Amino acid sequence: MSIRVHAESAVSFSGNAVRINGESVVLLCASLFYFRIPREHWRERMEQVKAMGYNSIDVYFPWNFHELREDEWDFEGMRDAESFLRLAAEAGLWVIARPGPYICSEWDGGALPAYLYAKQAPMRLRDNDPVFLEYVRKWYDKILPILQRQQAGAGGNVICVQLDNELDFYDCGDPKGYISALRDMALAQGIKVPLIACAGQGGLPQASGLAEGVVPTCNFYPDNRDPEFEHKVHHYREKLAGMNVPLLVTETNRTHYLLLRLLSAGAKLLGPYLQVSGTNFGFTNATNNWGRPLAFLTSDYDFGGMISPEGHIRPEAYEGRLLGRLIRAYGVALAEADPDAKRAWKAEGDTENVFGPFALELKGGGQLVFITNGDGCDKRITLRAAENGLSFPSAGALELVGLRSLALPVDVPLSLWGLPGRIVYSTAELYMAERQAGGAVLAFHMEGSGEMALAFDAPVASAAAEYAALEQKGRQLRIRFAGAETVLCRIRLGDGRQLTLIVTDRLKALYTEEVSLDGELTVVQPSAETVKPAENADVKWRLASAAGGKPAARAVRAGGASVHPPFLEHLGVYRGYAWYETAVRVPGKTNIKGFLVRQGGDVVSLYAGGQYIGTAAPGGGGAFMLIGESDGLPAGTLRLQVRTEIWGHTNFDDARLPGLRLPALKGIRGLTAVTRVCDISSNWRVFHTADDTFGAGDAEGGNGKTGMHEKPEKPGKPGASSQTGEADDESLWPLVGFGGWQSADHPAYEIFRREFEPSQDADSWTLHFRGLEAEARLEVNGNEAGPVHPLDPFVDISSFVNSGETVRLTVYLRRSIGQSAGRVIVYEGSAASGFTVFAAEEPQLKASAEAADKATAEQQLPLTLASGAAGWLFASVKSSAAGKGWRVRANGSALKLTVFMGERIVGRLWLPGGAARPVMAGGSADSFYLPGPWFGEEGEQLSIFLEAVDPQAHGKLKSLDFIPV
């Protein structure tokens, strides 16, 4: 199979090269996202990327960042994608454009607009589905003309356009048809640069469909110390070379020594993900599966890449500059290099956890030999060529520092830099090479002692070295150096040209700014980062009660009699907060034990009769909120309010929780006042069989709640295959606790059955399979109730139960040795009905803040907010003395904070405390960034919505520390 790109493209591929305007290049590419960086900082970030050795950036374009509601488009301000691309071209950075429609990127819904989830017509997202593709076409009609105008060959610097993203992680039924459809849209819009599709877990056919004209690329996120990594990369490089395209690594880890390992295997695009950090402003965070399994993405979007969200250059950035200089030093010779198929080098000495050697055959002759130390401790080794017996160093050993990779030249022609001869070998790595008037200067770095050998094709007139031992035999030179001082060697050829060699330690190499032919080395080491002290920023705080934050919320649904309120997306609510208001009637002589929330997402805070009950983050599943004995609520009609927050739609499709499915909906789907909690874990009849009676059940469907999966077929009843032969005589089944039958079978197949008596005055029944680890499927009164999900073990059986009539339960269990069946709890009570829903996105919340600001009182920190209470905290803040803004760190517990700077949300925090708090991932969970350019001359208003979200403790805000950027 051979993949061909557009004949008129300015970018072309071969099996071992990327060519832009006819020039072969290795692309060192940093992720830089306009939607996470203030527009005023775009140019500065690009200049920083360029200065740190990178020649390209990759850019996602989030669909739902531009289409805020259906057919409501915005490409202004921070959303001005075309201006961003123009700046990239001005900065001299090539751009890999990634317009989705799905981008992942830990972004709300992976950038798919949430209104798609609420469409009534059946739709298969991210698949060859005509309904979905028509919506994609509307997005492509907006974004692709921008990319077309800014593509290479048309005046811009876009060199590739990626279709979708890591499709092999998603259960796409027709990847070839889907990617082909996206390809056709791109071609119809005049995209001529190559179209690519990245594989997230190595599934090239699943990610790209191997569609004609679409180049598969790879995302690798290995353990940096994986000794087999190069072999894996070689596998993909060889497969892609057979398609006549190079290995393009669109995403990988940020460590530059891992990038050298990729380079050694022939990769021509090195794309460490998120070298430029940012902020998820507004309601753009995602939820995903980085927790147990649920995680909330922080507003701070920072994985420790080389540039911080505020624009600080981190030490790793200088490693990037070193790598970029190495790539430029070898130029086309490296850009068209092929891995040495013979693997003809070996390492000798202390080689435990030493990876390689691996060699690249340079275009025009010579090799780069790569060797990696995967240990934290230093190694001493020798490199030996199998064919000619060449071994170096000739004396002593090469010192290979821990967690470091080196690319060492062997038989590399000096003609690369305009001189006759070759570098026979060097134990120092070349990191800068410049042709200058009268010759060339080559700068190397290494740790410890080492040596270098050169051979010239012209007479050597003179050679002299400082801090090195120089041996010359005619046109052959060997230079030995101890590494204590910077080595300077000047070699003058018979025709007057000069070669200057400089060997420094790695630290000097990292911070070298310039080299000259006379051997002058300009080293500028940045001043050490000091911990900047917190400042008070002259902040005077004011506090007001928020009354739940609802005064300015808009009504989106009124009343009704249903016990199933609509999900928020069905009401046109795609982000922010919503309040469900309802009532429940509890029969007399009963007390409410707690409340059961059905299919809640993402944050659910419940109030009953004005009393705060609790907060949960159910991940789209159920949650039971227990009421203490002293807080019991009486029977009768009770008003209920549920404050929900869409933290973000999941950016990753994971079957372990309903809320982690890609089209998961938000809000709640039901609310029950529980009047009876009954543990029915004892006295189940059990039938054990060697056959799989589990049937064709769907282990991923999550109780059939999401409507995404077919219900499983009813399994066969036990019969002649039983061990006892008496399966039909149920009176002979042993009576045990649920899951209490011991078996040596692996897996074991069991049927558990029992009855319970429901109350006559209840109308809602839910089973909770608490602690279940095995696969289970439930029947109620002979009716299929669906699978039981271990991470969402609540099953609503109300539709199968009649008040006062015996309920017969049958559970089909399949479990491996050691898996727990848990306990079975019945929650019985009265379902709330008639829900009125109010919603508040950024404009409504800001209006609520303005109303609350009229009734504030001065407030000193620390402050305490009563459990379940909400409030607005205000202050006028000026920029830091340097005018670059602040990093503000919140110290406290059991509080959620939604932080406005002027009209914009700059951070959402959930401080530690309370069992409901999920894993917070993606960056700093306790701080937010106030960008300097967003401050006016008189400062800016901070408005912070506070929610105390722990029923067991008051919320505390001890301090807000302002750290100057």
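Could you check how many residues of the range 920-965 are of a type in the set (A, V, I, L, M) and closer than 22 Å to Leu543 by Cβ?
Of the residues in that region, 9 qualify.
Would you say Pro393 is buried (at least 21 other Cβ atoms within 10 Å of the Cβ) and in the same structural domain as Gln476 (by TED's automatic domain parsing)?
Considered against the rule, which asks whether it is buried (at least 21 other Cβ atoms within 10 Å of the Cβ) and in the same structural domain as Gln476 (by TED's automatic domain parsing), Pro393 comes out as yes.
Got a number for residues in the range 624-677 being over 16 Å from Pro293 (Cα atoms) and either touching a helix residue (DSSP H, G or I) at 6+ places or on another chain (Cβ under 7 Å) or not in a loop (DSSP other than H, G, I, E, B) (or both)?
Total meeting the criteria: 30.
Please determine whether any residue of the range 753-765 is among the hydrophobic types (A, V, I, L, M, F, W, C), in contact (Cβ under 8 Å) with a residue 60 or more places away in the chain and in contact with a helix residue (DSSP H, G or I) (Cβ under 7 Å, 6 or more places away or on another chain).
Yes: the range 753-765 contains one or more residues that are among the hydrophobic types (A, V, I, L, M, F, W, C), in contact (Cβ under 8 Å) with a residue 60 or more places away in the chain and in contact with a helix residue (DSSP H, G or I) (Cβ under 7 Å, 6 or more places away or on another chain).
What number of residues within the range 870-882 satisfy the criterion of being touching a Phe, Trp or Tyr at 6+ places or on another chain (Cβ under 8 Å) and either surrounded by fewer than 18 Cβ atoms within 10 Å (Cβ to Cβ) or more than 28 Å from Gly914 (Cβ to Cβ) (or both)?
Matching residues across the range 870-882 total 4.
Quick check on the range 293-335: of everything there that is more than 32 Å from the chain's Cα centre (by Cα) and not small (Gly, Ala, Ser), which residue is surrounded by the most Cβ atoms within 10 Å (Cβ to Cβ)?
Only one residue tops the list, namely Tyr330.
Do you know which residues across the range 310-347 are under 14 Å from Phe370 (Cα atoms) and either β-branched (Val, Ile, Thr) or not in a loop (DSSP other than H, G, I, E, B) (or both)?
Hits for the range 310-347 are Leu323, Leu326, Ile327, Leu334, Asp338, Pro339, Trp345, Lys346, Ala347.
Can you pull out the residues in the range 456-482 that are surrounded by 13 or more Cβ atoms within 10 Å (Cβ to Cβ) and either among the aromatic types (Phe, Trp, Tyr) or on the phi > 0 side of the Ramachandran plot (or both)?
Passing the criteria: Phe456, Tyr467, Phe481.
Filter the range 939-952 for residues that are under 31 Å from the mean Cα position of the chain (by Cα) and small (Gly, Ala, Ser); which is nearest to Gln859 (Cα to Cα)?
If we take residues in the range 939-952 being under 31 Å from the mean Cα position of the chain (by Cα) and small (Gly, Ala, Ser), then Ser943 is nearest to Gln859 (Cα to Cα).
Scan the range 748-760 and give yes if some residue there is in contact with an Asp or Glu (Cβ under 7 Å, 6 or more places away or on another chain) and under 18 Å from Gly829 (Cα atoms), otherwise no.
Looking through the range 748-760, at least one residue is in contact with an Asp or Glu (Cβ under 7 Å, 6 or more places away or on another chain) and under 18 Å from Gly829 (Cα atoms).
Quick grid of which residues meet (1) at positive phi; (2) outside the structural domain of Thr217 (by TED's automatic domain parsing); (3) in contact with a strand residue (DSSP E or B) (Cβ under 7 Å, 6 or more places away or on another chain):
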{"residue": "Cys29", "(1), (2), (3)": "no, no, yes"}
{"residue": "Lys50", "(1), (2), (3)": "no, no, no"}
{"residue": "Gly53", "(1), (2), (3)": "yes, no, yes"}
{"residue": "Trp63", "(1), (2), (3)": "no, no, no"}
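Under 9 Å by Cβ, and 6 or more places apart or on different chains, what pairs join a residue from the range 486-498 that is in the same structural domain as Thr512 (by TED's automatic domain parsing) and assigned to a strand (DSSP E or B) with one that is among the polar types (S, T, N, Q) and buried (at least 17 other Cβ atoms within 10 Å of the Cβ)?
Listed pairs, sorted by first residue: Val487/Thr504; Leu488/Thr500; Cys489/Thr500; Arg490/Gln498; Arg490/Thr500; Ile491/Gln498; Ile491/Thr500; Arg492/Gln498.
Which ones in the range 886-904 are in contact (Cβ under 8 Å) with a residue 40 or more places away in the chain, surrounded by fewer than 22 Cβ atoms within 10 Å (Cβ to Cβ) and part of a loop (DSSP other than H, G, I, E, B)?
Passing the criteria: only Glu903.
With the requirement that a residue be within 15 Å of Ser867 (Cα to Cα) and within 26 Å of the chain's Cα centre (by Cα), what does the range 616-644 give you?
The answer is Ala616, and nothing else.
Exactly one condition in (1) surrounded by 21 or more Cβ atoms within 10 Å (Cβ to Cβ); (2) farther than 16 Å from Ser264 by Cβ; (3) without any contact (Cβ under 8 Å) to a residue 40 or more places away in the chain is false for Asn373; which is it?
For Asn373, the exception is condition (2).
Please enumerate the residues belonging to the range 462-485 that are assigned to a loop (DSSP other than H, G, I, E, B) and over 18 Å from Gly519 (Cα atoms).
Of everything in the range 462-485, those that are assigned to a loop (DSSP other than H, G, I, E, B) and over 18 Å from Gly519 (Cα atoms) turn out to be Gly474, Arg475, Ala482.
Looking only at the range 237-258, which residues are over 20 Å from Arg4 (Cβ atoms), in a helix (DSSP H, G or I) and out of contact with any helix residue (DSSP H, G or I) (no Cβ under 6 Å at 6 or more places or on another chain)?
Passing the criteria: Tyr257, Leu258.
Any idea how many residues of the range 822-836 are in contact with a Leu (Cβ under 6 Å, 6 or more places away or on another chain) and modelled with pLDDT under 95?
Of the residues in that region, 0 qualify.
Go through the range 574-589 and count every residue that is within 16 Å of Ile905 (Cβ to Cβ) and either out of contact with any helix residue (DSSP H, G or I) (no Cβ under 8 Å at 6 or more places or on another chain) or part of a loop (DSSP other than H, G, I, E, B) (or both).
Residues meeting the conditions: 2.
Can you give me the ranges of the strands (runs of 3 or more DSSP E) entirely in the range 758-821 with at least 3 residues that are over 20 Å from Ala748 (Cα atoms) and not β-branched (Val, Ile, Thr)?
Counting at least 3 such residues, we get 764-770, 783-788.
Going residue by residue through the range 795-809, is there one that turns out to be crowded, with 21+ Cβ neighbours inside 10 Å, within 18 Å of Val686 (Cβ to Cβ), at pLDDT 95 or above and in contact with a Pro (Cβ under 7 Å, 6 or more places away or on another chain)?
no
Looking only at the range 644-654, decide whether some residue is surrounded by fewer than 24 Cβ atoms within 10 Å (Cβ to Cβ) and closer than 22 Å to Thr766 by Cα.
Among the residues of the range 644-654, not one is surrounded by fewer than 24 Cβ atoms within 10 Å (Cβ to Cβ) and closer than 22 Å to Thr766 by Cα, which makes the answer no.
Suppose we filter Gly907, Gly914 for residues that are buried (at least 21 other Cβ atoms within 10 Å of the Cβ), at pLDDT below 95 and not assigned by TED's automatic domain parsing to the domain that holds Ile646; which single one remains?
Going through Gly907, Gly914 in turn, just one is buried (at least 21 other Cβ atoms within 10 Å of the Cβ), at pLDDT below 95 and not assigned by TED's automatic domain parsing to the domain that holds Ile646: Gly914.
Can you name every residue in the range 479-519 that is more than 30 Å from Gly402 (Cα to Cα) and of a type outside the set (A, V, I, L, M, F, W, C)?
Arg490, Arg492, Gly494, Asp495, Gly496, Arg497, Gln498, Ser516, Asp518
Gly955 is checked against (1) within 24 Å of the chain's Cα centre (by Cα); (2) buried (at least 18 other Cβ atoms within 10 Å of the Cβ); (3) over 16 Å from Arg36 (Cα atoms) and fails just one. What number does that condition carry?
So the condition that Gly955 fails would be (1).
The values are calculated or read from the model by the stated rules, or taken from the named source; none is laboratory data. The model shown is predicted, which means the values in this text are computed figures rather than measured ones. Counting neighbours? That spans all protein chains shown, and the Cβs are built from the backbone with ideal geometry, glycine included.
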